[in-house]
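Down below is the structure, laid out as structure tokens.
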Amino acid sequence: SDILLKSEIIGRVQICSDMQLLYVRLKQYAIITFAIIIGSFFAASLLALRLHRVISDPISRLIGAAHHISSHKDYSVRVPVSNTGPGDEIDTLVTTFNQMLENIQAHERFLETSRENLEIKVQERTMELRDEMNERIKAQEKIEAEKEKAKQYLDIIGGILVAIDSNGKITLINRKGCEVLEREEKDIIGKEWFELAIPENQRKLVRSTFQSIMAG
């Protein structure tokens, strides 16, 4: 740069600078910046890996537990909680899933207990009904034996012996009665006595008299 005095050049000034120091500092800054970028990349990678484990591992355990339950119907399995921190959404999901399994397992135990109790009651009632049926069979056999014995006594009688109900239908007849009517016992039981044994011209009077007697 020129130095002027009254429009006359009396000298020149030249400024020189050594750029080597600036280049060294720029190189240092570049190295530091590169190191920061590399460090940030590794830190971001580690953080991403950590987040992947925190999120994917519980999800994988949930999927494995769900597959096991679906295949084996085993509701006793539980997914471990990582306890990574209070209020963690993944842990909340795992805890809720485990609570749901506990509720289902409790319901299954209740149903199993109810089924066992019902089977016991059915067995007890079946035994009671079997005993009642046996008692009825024995009572019926006893009645049939008594009837057969009574019928044997009735058949010994030489005259006709007939039992009729309040409607005039035959409920019992001895052998002599069957011989007189010339019919088998099975063809007589349940038929109306007046129709079988009373002449038609006397039937109305006899039936009327019978009904009056039954009415008291």
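Taking only region 181-203 into account, find how many residues are closer than 14 Å to Thr171 by Cα and small (Gly, Ala, Ser). Before the answer, list the steps.
Start the filter on region 181-203 by keeping residues that are closer than 14 Å to Thr171 by Cα, which leaves 184-194, 196.
After this cut, where a residue has to be small (Gly, Ala, Ser) as well, the list is 190.
Total meeting the criteria: 1.
Which condition does Asp74 not pass, out of (1) under 44 Å from the mean Cα position of the chain (by Cα); (2) part of a helix (DSSP H, G or I); (3) at pLDDT 80 or above, if it passes all the others?
Failing condition for Asp74: (2).
Of everything in region 167-207, what is under 22 Å from Ile157 (Cα atoms), open to solvent by 100 Å² or more (accessible area, probe 1.4 Å) and part of a loop (DSSP other than H, G, I, E, B)? Give them in sequence order.
Scanning region 167-207 gives Glu182, Arg183, Glu184.
What's the number of the only condition in (1) more than 30 Å from Tyr75 (Cβ to Cβ); (2) open to solvent by less than 100 Å² (accessible area, probe 1.4 Å); (3) within 34 Å of the chain's Cα centre (by Cα); (4) not acidic (Asp, Glu) that Thr113 fails to meet?
Looking at each condition in turn, Thr113 falls short on (1).
Residue-wise test of (1) modelled with pLDDT of 85 or more; (2) of a type in the set (Ser, Thr, Tyr); (3) open to solvent by 90 Å² or more (accessible area, probe 1.4 Å); (4) farther than 30 Å from Gly177 by Cα.
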position: Ala65; (1), (2), (3), (4): no, no, no, yes
position: Ile69; (1), (2), (3), (4): no, no, no, yes
position: Arg78; (1), (2), (3), (4): no, no, no, yes
position: Ser82; (1), (2), (3), (4): no, yes, no, yes
position: Met127; (1), (2), (3), (4): yes, no, yes, yes
position: Glu146; (1), (2), (3), (4): yes, no, yes, no
position: Gln152; (1), (2), (3), (4): no, no, yes, no
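The rows are residues; the columns are (1) out of contact with any Asp or Glu (no Cβ under 7 Å at 6 or more places or on another chain); (2) within 30 Å of Ser60 (Cβ to Cβ); (3) of a type in the set (Ser, Thr, Tyr).
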| site | (1), (2), (3) |
| --- | --- |
| Met100 | yes, yes, no |
| Asn117 | yes, no, no |
| Lys151 | yes, no, no |
| Ser166 | yes, no, yes |
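The values are calculated or read from the model by the stated rules, or taken from the named source; none is laboratory data. Because the structure is a prediction, the values reported are computed rather than measured. So basically every Cβ, Gly included, is an ideal-geometry build from the backbone, and we count neighbours across all protein chains shown. Side chains are part of the model used for accessible areas, which takes the heavy atoms of the whole protein and leaves out ligands, DNA and RNA. Shrake-Rupley method; radii C 1.70, N 1.55, O 1.52, S 1.80 Å.
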